[in-house]
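The values are calculated or read from the model by the stated rules, or taken from the named source; none is laboratory data. Worth saying up front: this structure is predicted, and the values here are computed from it rather than measured. Backbone-built Cβ (ideal geometry, glycine too); neighbour counts: all protein chains shown.
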Amino acid sequence: MSGAGDLRHRLIHETAISLPDDAGGASTTFLAVDQLWARIESPAGDPSLSAERRLATLIHRITVRAPNTLSRGDRLTLGTRIFAIEALSDPDGRGRFTRCLCREEQT
């Protein structure tokens with residue numbers, strides 16, 4: 001990655017929160033935390049079967065500027081697209097960027 005000029009997509013960082021429901025349990029919802037500029041690299045397809053239908057799972061590498069508050073289990077959104085964060089790394093070992101391995105599901 002050459003620098004901040006490669007970060008062309010404005011994504012919303014969301015984190016999961018648990019809210020009590022009326023039945024005594026809890027439901028999970030996502031809360032917007034921050035907006036980040038990001039680079040989204042071409043996906044690799046991994047077709048997988050769900051119980052009810054066939055889903056195409058796309059794996060993306062999304063890079064954002066560090067430091068940030070991203071964690072595994074959070075998600076990034078771009079309009080109606082949702083990218084679930086599976087793993088995080090420091091691509092150049094210098095602490096300038098965070099690379100996320102993200103899963104996007106499409107029906």
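Structural remarks
- Residue list for the stretch 62-77, filter: modelled with pLDDT under 95 and hydrophobic (A, V, I, L, M, F, W, C): ALA66
- Screening PRO91, PRO67 for residues that are farther than 13 Å from GLU14 by Cα, touching a residue at least 60 places away in the same chain (Cβ under 8 Å) and surrounded by fewer than 16 Cβ atoms within 10 Å (Cβ to Cβ) leaves exactly one candidate, PRO91.
- The listed residue being β-branched (Val, Ile, Thr), modelled with pLDDT of 90 or more, touching a Pro at 6+ places or on another chain (Cβ under 8 Å) and surrounded by 11 or more Cβ atoms within 10 Å (Cβ to Cβ), out of ILE59, ILE82, ILE40, ILE12: ILE59
- Residue selected from the stretch 43-56 under the condition in a strand (DSSP E or B) and of a type in the set (A, V, I, L, M), by the criterion modelled with the lowest pLDDT: LEU49
- Close contacts from the stretch 12-38, counting a first residue that is outside any strand (DSSP E or B) and a second that is of a type outside the set (Asp, Glu), with Cβ to Cβ under 9 Å and a gap of 6+ residues or different chains, come to ASP21/SER27.
- ALA32 meets all of the listed conditions (1) in contact with a Lys or Arg (Cβ under 8 Å, 6 or more places away or on another chain); (2) modelled with pLDDT of 95 or more but one, namely (1).
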